[in-house]
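Worksheet: one structure, shown below.
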Amino acid sequence: MKYNPFDQEIASWQGIREMPWTPPFKMNVYLYILDGLLIDTGPSTLSNESIRFFNQNLINQVVLTHVHEDHSGMAAWLQKELNVPVYLHEDSIAEAAVEPEFAGYRLEIWGRRRAFSAQPIPERLETEKYRFQVIDTPGHYKHHKAFLESEQGWLFAGDLLVNIKPKSVFFEENMSEMINSLEKIASLDFDTVFCSHTGISKNGKQLCQQKLEYLLDLRAKVQDLRQQGLEDREIDNRLFPERDMIGVITNREFSSHYIVSTI
Ligand SMILES: [Zn+2]
């Protein structure tokens with residue numbers, strides 16, 4: 001368990017998914033409960049461990065940063081067993097109501113995401129002690145929210161800051177939207193970031209700034225090469241010459257091409 005400096009106020013949970021593939025795959029998942037509010041639910045493949053965490057803590061509402069199965073995989077279970085509201089981006093509610101079909105690698109890593117019936121995130125997302133500003137932060141996914149507790153300086157960032165210098169992204173990601181979201185976030189008042197895959201970071205502003213600078217620099221390079229008459233495919237090869245191992249595992253659902261084409 002990673003050190004949680006907010007032990008008194010925030011219960012955090014860490015799960016690990018490791019796949020013995022070539023190359024091996026490993027990813028952490030972090031969940032947070034504050035004052036009865038669970039932020040994201042984790043995937044169904046980690047249910048044995050996450051259910052223990054859910055049972056050890058009081059949960060009276062659940063909010064999701066986005067509908068991806070590693071964030072929403074236990075939403076149906078929580079809804080059924082605890083009978084609590086599950087809040088989600090208003091434009092993902094219809095998607096959540098249907099169990100999706102996934103590529104095999106996603107099923108193996110994260111498992112099924114059962115259908116659940118979500119409600120729109122209230123304008124005032126709050127618990128007895130905390131109040132959250134709900135911020136639209138598309139980029140990783142078109143319907144992604146972050147939650148800011150400005151009095152505490154906490155930002156629950158979902159997948160916004162998972163990868164500070166991405167070299168390969170999912171086909172649904174959009175780097176122009178990501179840049180806009182990071183610019184929006186950079187202007188907010190917070191210091192600590194709670195990330196869904198890398199845990200708690202005290203220097204959240206700095207991470208945000210680093211990712212923003214990386215992407216702005218990439219954008220300038222892409223624009224420059226386009227002006228020289230290069231096609232996106234050639235730009236991709238020039239900026240990302242190394243073999244993309246995540247692309248191999250995911251059958252090209254991840255690719256550096258999606259960085260170039262959306263930036
Ligand atoms: Zn995601």
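Here's the yes/no breakdown for (1) away from the ligand (no atom under 16 Å from the Cβ); (2) closer than 22 Å to residue 103 by Cβ; (3) of a type in the set (A, V, I, L, M):
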{"site": "168", "(1), (2), (3)": "no, yes, no"}
{"site": "173", "(1), (2), (3)": "no, yes, no"}
{"site": "178", "(1), (2), (3)": "no, no, yes"}
{"site": "188", "(1), (2), (3)": "yes, no, yes"}
{"site": "192", "(1), (2), (3)": "yes, no, no"}
{"site": "204", "(1), (2), (3)": "yes, no, no"}
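When segment 193-230 is examined, which residues are found to be touching a residue at least 40 places away in the same chain (Cβ under 8 Å) and either under 21 Å from residue 136 (Cβ atoms) or basic (Lys, Arg) (or both)?
194, 195, 196, 197, 202, 204, 207, 208, 211, 215, 219
Rundown of residues vs (1) farther than 16 Å from residue 37 by Cα; (2) hydroxyl-bearing (Ser, Thr, Tyr); (3) out of contact with any Lys or Arg (no Cβ under 8 Å at 6 or more places or on another chain), yes/no style:
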position	(1), (2), (3)
71	no, no, yes
74	no, no, yes
78	no, no, yes
83	no, no, yes
95	yes, no, yes
99	yes, no, no
107	yes, no, yes
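In this structure, does residue 6 turn out to be among the aromatic types (Phe, Trp, Tyr), touching a residue at least 40 places away in the same chain (Cβ under 8 Å) and over 30 Å from residue 246 (Cβ atoms)?
Considered against the rule, which asks whether it is among the aromatic types (Phe, Trp, Tyr), touching a residue at least 40 places away in the same chain (Cβ under 8 Å) and over 30 Å from residue 246 (Cβ atoms), residue 6 comes out as yes.
Identify the single condition in (1) under 20 Å from residue 42 (Cβ atoms); (2) modelled with pLDDT under 95 that residue 154 does not satisfy, given that it satisfies every other one.
(2)
What residue, of 139, 73, 153, 158, is within 15 Å of the ligand (Cβ to nearest atom), closer than 25 Å to residue 199 by Cα and in contact with a Gly (Cβ under 9 Å, 6 or more places away or on another chain)?
The match here is 73.
Only residues in segment 58-69 that are at positive phi count as the first member; pair them with residues that are surrounded by fewer than 20 Cβ atoms within 10 Å (Cβ to Cβ) and of a type in the set (Ser, Thr, Tyr), Cβ under 8 angstrom, at least 6 apart or cross-chain, and list the lot.
none
Being charged (D, E, K, R) and touching a residue at least 24 places away in the same chain (Cβ under 8 Å) is the filter; apply it to segment 26-46 and report the residue that is nearest to residue 127 (Cα to Cα).
Per the stated criteria, the residue is 35.
List every residue pair whose Cβ atoms sit under 6 Å apart, with the two residues 6 or more apart in sequence or on different chains, where the first one lies in segment 153-170 and is among the charged types (D, E, K, R) and the second, anywhere, is surrounded by 23 or more Cβ atoms within 10 Å (Cβ to Cβ).
159/140; 159/196
Looking at segment 195-223 only, could you name the residues that are β-branched (Val, Ile, Thr) and either under 29 Å from residue 15 (Cα atoms) or within 18 Å of the chain's Cα centre (by Cα) (or both)?
Hits for segment 195-223 are 198, 200.
Answer yes or no as to whether residue 79 is more than 20 Å from residue 148 (Cα to Cα) and either exposed (fewer than 14 other Cβ atoms within 10 Å of the Cβ) or among the hydroxyl-bearing types (Ser, Thr, Tyr) (or both).
No: the conditions fail for residue 79.
The values are calculated or read from the model by the stated rules, or taken from the named source; none is laboratory data. Bear in mind that the values here come from a model prediction, so they are computed numbers and not experimental data. Note: ideal-geometry Cβ built from the backbone for every residue, glycine included; neighbour counts use all protein chains shown.
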